[in-house]
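Beneath this line is the structure, given in structure tokens, with notes to follow.
The values are calculated or read from the model by the stated rules, or taken from the named source; none is laboratory data. Model, not experiment: these values are computed from the prediction. All Cβ positions, even for glycine, are placed from backbone atoms using ideal geometry, and neighbour counts span all protein chains on display. When the accessible area is computed, the model is the full protein with side chains, heavy atoms only, and any ligands, DNA or RNA have been set aside. Shrake-Rupley method; radii C 1.70, N 1.55, O 1.52, S 1.80 Å.
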Amino acid sequence: MAKDTKESKTYYLGTGRRKTAVARVRISEGKGAMAINGRPLESYLTEEKDRASAMGPLVATELSSRLDVTVKTHGGGITGQADAIRQGVARAIKVMFSPPAERKSVTVGNVTAVRSRNTQSKDGGVEEAAGDENAIGIIKKLRDGNFLTRDSRMKERKKYGLRGARRGTQFSKR
């Protein structure tokens, strides 16, 4: 007996980064469930500020009750992972509402994975495609809320001859 009666599922992928944390995000149409490394949101992110950060793009675009979010994250600390999830969710929503010319999809069985395609033109600018007004509004909300921008602050490396990145050894007069 083959399970051909199962309907096809489409996932939109996004990757987020913050410090040394990396989050691989997969969103699909659903009821608003969010799972991080196989655990519910409230169980994984115990602090309210981290939960608000991770849910930020969904709340800003008013899609929190329409999308199911699955996240695999590693590296960094809890707050870094929450900010990486935030960027990954925003990128996945952007892929979901971008025109088909800017997407790249792969289908395996009944599952379709859609990710963004590099749409840089030869002059270095990003091509803007005319699309649905609602989609443009959602992407604009994400951009205006700084959800798509990567926070580039990283820990400074230790330098030779110093105790840390900038701290030198204590001077002794005698």
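Quick rundown of the values:
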item: Cα-only Debye scattering, region 44-101: base-10 log of I(q)/I(0) at q = 0.15, 0.23, 0.27, 0.31 Å⁻¹; result: -0.44, -0.93, -1.18, -1.39
item: Relative packing of peptides 102-112, 79-89 - highest average C-beta neighbours within 10 Å first; result: 79-89, 102-112
item: Fraction of accessible area attributable to carbon and sulfur, the chain (%, probe 1.4 Å); result: 50
item: √(5λ) per eigenvalue of the Cα gyration tensor, the chain, largest first, Å; result: 36, 21, 16
item: For region 29-44, Karplus couplings with θ = phi - 60° (6.51, -1.76, 1.60), whole Hz, Gly/Pro x; result: 5, x, 10, x, 7, 10, 10, 10, 6, x, 10, x, 3, 5, 6, 7
item: Distant-in-sequence amide H partners of residue 67 (H built 1.01 Å from N, under 5 Å); result: 30, 32
item: Within straight-line cross-link reach of residue 9, lysines at Cα separation under 22 Å, skipping those fewer than 8 residues along the same chain; result: 31, 72, 94, 104
item: Accessible area in square angstrom per residue, the chain, 1.4 angstrom probe; result: 68
item: For the chain, with +1 on Lys and Arg beta carbons and -1 on Asp and Glu, the positive-most of 21, 76, 165 along the dipole; result: 165
item: Rounded FRET efficiency, nearest 0.05, which uses the C-beta distance separating residue 160 from residue 104 and R0 of 45 Å; result: 0.55
item: Antiparallel content of DSSP bridges confined to the chain, in %, to 5; result: 75
item: Dimensionless Rg/Rh of region 13-64 - Kirkwood Rh, Rg from C-alpha atoms; result: 0.93
